[in-house]
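For reference, the structure discussed in these notes is given below.
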Amino acid sequence: MGLAISSLVANPAAAQTGTPTTVTVQVNKPGAAVPKSMFGLFFEDINFGADGGLYPELVKNKSFETDDHLIGWKAIRGGAALSEYTILGQQPLSATNNHYLRLTAKASSPDAGFINEGFRGMGVKQNAEYNFSVYARRGAGNVSGLRVILEDEKGQALAQAQVSGLTGEWKQYTAVLKPSATSSKAHLKVVMDGAGTADLDVVSVFPKDTWQNRPNGLRTDLVQLLKDMKPGFLRFPGGCIVEGRTLDQRYQWKKTIGAVNDRESLINRWNTEFTHRYTPDYYQSFGLGFFEYFQLSEDIGAEPLPILNIGMACQFNSAELAPLSATTPKGGPNASADTHVHSADEITLETFIQDALDLVEFANGPATSTWGAKRVAMGHPAPFNLKMIGAGNEQWGPQYYERYELFAKAVKAKYPNIKLVSSAGPDPGDERFKAATTRFRELGADFIDEHYYAKPEWFRQNVGRYDNYPRTGPKIFAGEYAAQSVAIASPRNKNTWDCAISEAAFMTGLERNADVVEMASYAPLFANVDAWQWTPNLIWMDNLRSYGTPNYYVQKLFSVNKGTTMLPVTNKNGEDNLFTSAVADKTTNEIVVKLVNYSTSARPVKINLAGVKKVGQTVKATVMASDDLQAENSLDKPMYLAPKEETFKVSSPTMSYTLAPNSFTVLRIPNK
């Protein structure tokens with residue numbers, strides 16, 4: 001159980017036990033500026049993070065475009081009231097939305113229709129409004145319209161509406177549904193009025209309550225959790241989905257912009273990746289596409305960091321390669337025997353380079369440019385001010401280096417100010433990592449992306465990882481990290497306080513080296529409690545609720561307290577399980593000291609602010625602490641372990657303080 005806040009903050013007049021550890025913050029020897037992008041967010045569509053999560057469309061497979069066209073749908077009572085139902089492609093709604101559902105009934109019946117299950121159900125709130133829409137047309141018979149019903153898991157009607165006037169041509173019909181009760185496991189029924197044939201496509205139930213009330217907006221509680229972190233950047237859309245299992249299944253940003261109904265769905269790389277979390281119904285609708293990612297970045301004050309495929313499918317799957325050029329011999333100069341390369345008459349690396357160049361134009365180009373005009377047409381005349389791009393994700397080896405080199409040369413030639421993030425592979429210390437680090441230093445890369453998924457003790461033991469990194473050359477992007485309570489990708493991993501406090505310890509090492517580490521982000525970001533593939537995760541949700549884990553609050557405390565200038569701290573970081581870092585915040589004229597006590601005992605410390613003559617009398621302490629290292633938050637107890645604030649008085653630049661057992665403490669000290 002968590003400790004009460006009264007036990008967290010020391011009374012300077014109280015008797016102390018044990019010899020205090022001196023922590024000297026050299027305010028008189030300020031270091032480099034802390035990058036504004038220092039702590040940010042990594043988003044990947046895993047764990048139903050987009051569809052079924054941040055993107056609040058309630059209908060799964062609304063356009064019948066998945067490989068199994070009826071995923072998410074089933075006929076009422078097995079189709080007993082229907083003489084036929086089938087998926088067709090003749091005279092479709094559009095070239096990209098070319099499948100629809102045809103229903104035929106010999107007689108009018110309340111069961112002549114279909115049910116959509118949603119994403120492990122549909123979360124609807126009492127008296128909230130939901131926009132229903134459908135494209136429909138009638139065939140033979142006398143079908144006059146459709147009845148639309150939201151039901152709870154017991155089949156009780158929550159809301160109903162009727163649309164009428166069906167014709168022989170495709171037309172959109174709309175209605176507003178207002179549930180009479182709240183349900184997290186509701187479903188949708190669409191029933192024909194009359195006997196005969198009707199065609200349905202793009203069936204949607206979308207909440208009116210979205211972030212900034214946008215028609216294709218995002219889920220408000222989840223965006224608020226992100227905005228509250230004051231992130232420096234947002235990395236999107238992944239992750240391994242960028243690469244895809246094969247190049248045909250890669251993420252193609254150009255297919256995710258424009259009219260939402262024309263965006264082609266794609267299998268999600270994570271849907272059958274783990275046998276222990278088999279989710280073959282997991283698809284990407286791309287309702288949340290690159291325009292919406294850029295918009296979200298802007299909304300939460302984060303620099304956008306899109307990750308692009310550079311001609312390589314996921315090396316954990318097919319490892320498929322696009323040839324460097326149309327004349328590259330099959331397999332390429334460095335391809336391994338088990339690597340498949342696309343034939344020369346298919347895509348080449350030039351395809352991926354052009355996608356990158358076009359993306360910069362889409363984000364930053366004027367309305368007179370081809371791709372800038374598309375951004376303007378979507379409602380954003382001003383540029384998104386894109387400054388950086390990730391070249392591939394978690395890749396390695398000679399095939400990656402040679403593609404990166406050509407990719408970087410082309411992008412830098414046209415856009416010399418765009419910074420590129422290169423990958424150092426999946427492991428922070430193996431031979432792939434060492435080779436990548438050497439090569440990208442030779443190439444003069446802007447950023448090297450390092451990932452670490454490891455046991456909590458690894459994070460505490462590696463707090464000094466960047467102390468001896470070269471101060472020149474590529475900067476470090478700690479692009480994905482999370483302590484694993486059991487093992488990497490284990491379904492039994494938990495978001496425990498042990499994991500979170502160990503990450504806090506490691507992050508003091510990142511902050512102490514902010515002149516080298518310019519960006520850092522926990523991963524993954526979101527997980528649906530009913531539909532996850534990977535644990536642990538920063539934020540968990542169901543169809544109605546969400547909560548930040550202890551790891552979330554650790555990340556948030558670093559991000560909102562990142563300050564503006566590095567301050568050296570003289571004690572050896574990690575000695576006797578005491579971890580420290582400090583920054584100055586010129587915007588508030590405060591000194592910010594972060595202290596992690598990974599110990600079952602309270603720890604007295606003496607904080608000495610070298611070079612400071614006078615401090616403000618009141619210090620704010622923000623503390624996370626628990627005597628249970630296995631403590632977790634949950635949907636029912638979302639704030640079980642969260643930061644608590646208290647103030648205490650001081651009279652000089654040397655102050656005494658007692659750190660609670662197993663605690664992470666942030667002190668904000670006014671510098672007079």
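Scanning segment 261-287 for residues that are in a strand (DSSP E or B) and hydroxyl-bearing (Ser, Thr, Tyr) yields a count of 1. Of all the listed residues (Asp228, Asp248, Asp201), the sole one being surrounded by fewer than 18 Cβ atoms within 10 Å (Cβ to Cβ) and either touching a Pro at 6+ places or on another chain (Cβ under 8 Å) or over 30 Å from Gln91 (Cβ atoms) (or both) is Asp228.
When each of Ala128, Ala140 is tested for being aliphatic (A, V, I, L, M), surrounded by fewer than 17 Cβ atoms within 10 Å (Cβ to Cβ) and in a strand (DSSP E or B), the lone residue that passes is Ala140. Could you tell me whether any residue of segment 139-158 is within 15 Å of Ala195 (Cβ to Cβ) and in contact (Cβ under 8 Å) with a residue 60 or more places away in the chain? There is at least one residue in segment 139-158 that is within 15 Å of Ala195 (Cβ to Cβ) and in contact (Cβ under 8 Å) with a residue 60 or more places away in the chain. Screening Leu557 on (1) without any contact (Cβ under 8 Å) to a residue 40 or more places away in the chain; (2) surrounded by 22 or more Cβ atoms within 10 Å (Cβ to Cβ) shows it passes everything except condition (1). There is at least one residue in segment 625-645 that is over 25 Å from Ala483 (Cα atoms) and out of contact with any Gly (no Cβ under 7 Å at 6 or more places or on another chain). Against the definition (over 27 Å from Ser325 (Cβ atoms) and either touching a strand residue (DSSP E or B) at 6+ places or on another chain (Cβ under 9 Å) or of a type in the set (Asp, Glu) (or both)), how does Pro381 come out, yes or no? Taking the combined requirement at face value, the residue does not satisfy it.
When segment 171-202 is limited to residues that are in contact with a Phe, Trp or Tyr (Cβ under 7 Å, 6 or more places away or on another chain) and either acidic (Asp, Glu) or assigned to a loop (DSSP other than H, G, I, E, B) (or both), the one that is farthest from Lys106 (Cα to Cα) turns out to be Asp201.
Here's the yes/no breakdown for (1) of a type in the set (A, V, I, L, M, F, W, C); (2) at pLDDT below 95; (3) more than 23 Å from Thr472 (Cβ to Cβ):
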site: Gly397; (1), (2), (3): no, no, yes
site: Arg403; (1), (2), (3): no, no, yes
site: Leu406; (1), (2), (3): yes, no, yes
site: Ala410; (1), (2), (3): yes, no, yes
site: Ala413; (1), (2), (3): yes, no, yes
site: Ala435; (1), (2), (3): yes, no, no
site: Phe440; (1), (2), (3): yes, no, no
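Hey, does segment 243-253 have a residue that's in a helix (DSSP H, G or I) and under 17 Å from the mean Cα position of the chain (by Cα)? Within segment 243-253 (the criterion being in a helix (DSSP H, G or I) and under 17 Å from the mean Cα position of the chain (by Cα)), the answer is yes, since at least one residue qualifies. Listed here are the strands (runs of 3 or more DSSP E) enclosed by segment 452-545 that have at least 1 residues being in contact with a Cys (Cβ under 7 Å, 6 or more places away or on another chain) and in contact (Cβ under 8 Å) with a residue 24 or more places away in the chain: 475-483.
Among the residues of segment 420-438, those identified as surrounded by 17 or more Cβ atoms within 10 Å (Cβ to Cβ) and among the charged types (D, E, K, R) are Asp427, Arg432.
Looking across segment 440-476, the residues that are touching a helix residue (DSSP H, G or I) at 6+ places or on another chain (Cβ under 8 Å), among the charged types (D, E, K, R) and crowded, with 20+ Cβ neighbours inside 10 Å come down to Glu450, Arg460, Arg465. Per the conditions (1) hydrophobic (A, V, I, L, M, F, W, C); (2) over 17 Å from Pro237 (Cα atoms); (3) at pLDDT 95 or above, the sole criterion not satisfied by Ala335 is (3).
The values are calculated or read from the model by the stated rules, or taken from the named source; none is laboratory data. Every value quoted in this text rests on a predicted model; they were computed, and no experiment measured them. We place every Cβ from the backbone using ideal geometry, glycine too, and count neighbours over all the protein chains shown.
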